[in-house]
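A quick write-up on the structure given underneath.
Each value in this text was obtained by applying a stated rule to the coordinates, not by laboratory testing. Computed from a predicted structure; not experimentally measured. Don't worry about glycine lacking a Cβ; one is built from the backbone with ideal geometry, like all the others, and counts go over all protein chains shown.
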Amino acid sequence: MRRRRLLIFRRPWLLFSLIKVGALGIYGILLHASRIAMADPTQARYKTLFFAGVGYSLVAIVGSVLILRFKGIQWRFPIKGMVLATLAGVASATTALGILLAFEAQGTPAVVMTILFTGAQLINAVLSLAIDTPQAGGLRWQFLVGFQLVILGICMVAIYRPIM
Amino acid sequence: MRMTWLIFAFMTVASWGLYGVLLHTGQISMSDPVHGRYKAFLFVGIAYLLTAVIGSAIMLAVNGAQWTFPAKGLVWSTLAGLVGAVGAFGVLLAFGAKGTPPVVMSIVFAGAPIVNAVVATALHPPAGGWSAVRWPFVLGILLAAIGGCLVTLFRPGS
């Protein structure tokens, strides 16, 4: 235990990665709980998304501004970077809406979020390959095995999901 | 119609898969190798504000919804947003602390589904309790997590 703690302190990136693991692990569960707590069968998705947006924007905007000011950087942003990062934010907010719609359609957090976490990696990998096509023989076998494991895992999760 | 949720889940998969590529390209396009990630995250936050906050407010107004929010719902959903952003920030900090993207993201995508499945099943146990969780479901989560880890770790160019 003592050795594990030391490892985390010696490698802060590991600690930050684990923060992300925890945060992402409970994100969908919180969205699901809040959708139910809104007690509004028709508008709960927008009410939930509204406050999730408030929370996200607070951390993302205020946090980034504080770090950028603290580091004393120049406030210059290339147009392409601004546009792409803004599109990334729109994609992220669309993700939150999609999760809420899936919950509304009787998807459960354990199933929907597993499909999301792993399936998004496939989309991400395919898009990356399309943008930066590797040379012939450039695909490693571990990548191809991982790809098939994700598809197999998603199918098993969807088929054998627990009945609520 | 029984599997409508699956369509929404795959729509979400598509948008989230796109998110990573857009964010990465946006970060590079900031032409600032040291602070590009924070600059990109600032605009992600602005877009989130526009889409999630203003977009939802417009939809609520258009649909004539009552502007009443149960305290519990308000707290949970704000917490969800905070947790989502803290997670995104955690990744940026991990990269800034010399964690390489393939390793950091493989830890994230292998760990998150497992944390999610355990917490979700503990909070919302299925009819019949834990014993009603079938082994192929657990195996599926593990396979998907290992697969996500391999895909991220051994992606060409990583």
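Summary of values
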{"read-out": "Region B:1-153: relative contact order as a whole-number percent, Cα under 8 Å and 6+ apart", "value": "19"}
{"read-out": "Helical segments meeting 30 Å axial Cα length and Kyte-Doolittle 0.0 threshold in chain A (DSSP H)", "value": "A:12-37, A:79-104, A:109-131"}
{"read-out": "Relative contact order, percent, region A:6-164 [alpha-carbon distance under 8 Å, six or more residues apart]", "value": "22"}
{"read-out": "Translational D in µm²/s for the protein assembly as shown (Stokes-Einstein at 25 °C, 0.890 mPa s, Kirkwood Rh from C-alpha pairs)", "value": "123"}
{"read-out": "Kirkwood-type radius of region B:1-49, with distances r between different C-alpha atoms, in Å", "value": "12.3"}
{"read-out": "Cβ neighbours within 10 Å from other chains - mean over B:33-41", "value": "6"}
{"read-out": "Sites B:Ile28 and B:Thr4 - FRET efficiency at Förster radius 51 Å, r taken between beta-carbons, to 0.05", "value": "0.85"}
{"read-out": "Cα-based Kirkwood hydrodynamic radius, region B:117-158, one decimal, Å", "value": "12.0"}
{"read-out": "Residue-count net charge about A:Gly146 - beta-carbon cut-off 13 Å; Lys, Arg +1, Asp, Glu -1", "value": "+2"}
{"read-out": "Local net charge near B:Leu93, Cβ-Cβ under 12 Å (Lys/Arg +1, Asp/Glu -1)", "value": "+3"}
{"read-out": "In nm, spacing of pseudo-spin labels at B:Asn63 and A:Ile159 (7 Å Cα→C-beta vector)", "value": "3.5"}
{"read-out": "Alpha carbon convex hull of region A:19-128, volume per residue in cubic angstrom", "value": "133"}
{"read-out": "Convex hull of Cα atoms in region B:19-118, direction-averaged projection (nm²)", "value": "8.3"}
{"read-out": "Inter-chain shielding of A:99-105 (mean C-beta neighbours from other protein chains, 10 Å cut-off)", "value": "6"}
